[in-house]
Amino acid sequence: MSLVTAISYFVQESWAYFITFVWPRIIDIVTTPIHHKQALWLMVPLLISTILMQLYFGRNKDEELGWNTAYGNSIALIYISISLLKIIYDQYGYGFWDNLTPELTSKIIFIGIIMFQAFLLAFLDLFHFLPKRFSFFISSLPSVFVIALITIVVVHSDIPLDRVTLLAAFCLFFASIVLFAFFRWLVPPSQTARAYLEHRHELHQTERQLKQLEHHKKIEDMETQVKQAVDGAVHKLEQPLVKIGNFFKRP
């Protein structure tokens, strides 16, 4: 089996698996809040906040997420996790740990993992341990929105925590990043942001020109060095020849 055939077979099988299993799970995850009012009341404020924040950063393209905002997003995820624990308590009542089922245990463990992740993100954002771009990416509202969506859906539905759900979560995560980025791109920038973008474009052009000049300068320096080396070699070869010529010119 050739490499092209193997790649083609892998793509076909992956696409078939996605259409058969992952895509229906994505539909289930997205539509679950519509059929559960408690989940809807948790998701709607978060969705509105996410859209409004993307609108802000779409208009003010000269600004970026700050450490304080990233820290606040992590705290919001902690609040959502605690709210989901309260929902489990209201649903199963006091002493639910005495009658744990595999489904309830998996939900509690999943909420615990998300809560630990939220506290860890808050701790890392508080002390600026991670690189700024990476920290702002995982602590942004689109990222928090998808994590909260998956957690809320798992608690309010019978969707199992299996490989298909994890793959659907990854697909939703990257899709939300792309969609919110496209939404920010569609929003017209303010005058200040437009001036900033034009200035940044001019800086990029200047940097590109400087790099080209440096590249040409390096080439010229290399040509000069090669020429000097050749001239030096020719000069060294000429000296013996001159001596031989002078020897034969003697009477």
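Taking (1) among the aliphatic types (A, V, I, L, M); (2) closer than 25 Å to His35 by Cα; (3) crowded, with 16+ Cβ neighbours inside 10 Å in turn, Ala118 satisfies each apart from (2). Residue-level analysis places Ala16 outside the set of residues that are under 30 Å from Gln191 (Cα atoms), in the same structural domain as Ser140 (by TED's automatic domain parsing), assigned to a helix (DSSP H, G or I) and among the small types (Gly, Ala, Ser). In region 139-168, the residue that is farthest from Gly66 (Cα to Cα) out of those that are buried (at least 22 other Cβ atoms within 10 Å of the Cβ) and among the small types (Gly, Ala, Ser) is Ala168. For region 129-138, the criterion of a residue being of a type in the set (S, T, N, Q) and surrounded by fewer than 20 Cβ atoms within 10 Å (Cβ to Cβ) is satisfied by no position. Of Tyr17, Tyr94, all but one fail to be at pLDDT 90 or above and not aliphatic (A, V, I, L, M); the exception is Tyr17.
Against the numbered list (1) closer than 21 Å to Pro160 by Cβ; (2) without any contact (Cβ under 8 Å) to a residue 60 or more places away in the chain, Asp98 comes up short only at (1). Looking across Ile34, Ile29, Ile51, one residue alone is surrounded by fewer than 18 Cβ atoms within 10 Å (Cβ to Cβ), in contact (Cβ under 8 Å) with a residue 40 or more places away in the chain and in the same structural domain as Leu77 (by TED's automatic domain parsing). It is Ile51. Against the condition buried (at least 16 other Cβ atoms within 10 Å of the Cβ) and of a type in the set (Phe, Trp, Tyr), how does Tyr71 come out, does it pass? Judged against the criteria, Tyr71 is a match.
Here Leu167 fits the description: assigned by TED's automatic domain parsing to the domain that holds Lys86 and modelled with pLDDT of 85 or more.
Among the numbered conditions (1) within 30 Å of Gln191 (Cα to Cα); (2) modelled with pLDDT of 85 or more, the only one that Pro142 does not meet is (2). The set of residues in region 54-68 that are exposed (fewer than 14 other Cβ atoms within 10 Å of the Cβ) and charged (D, E, K, R) comprises Glu63, Glu64.
The values are calculated or read from the model by the stated rules, or taken from the named source; none is laboratory data. Given the structure is predicted, the values throughout are model-derived calculations rather than measurements. All Cβ positions, even for glycine, are placed from backbone atoms using ideal geometry, and neighbour counts span all protein chains on display.
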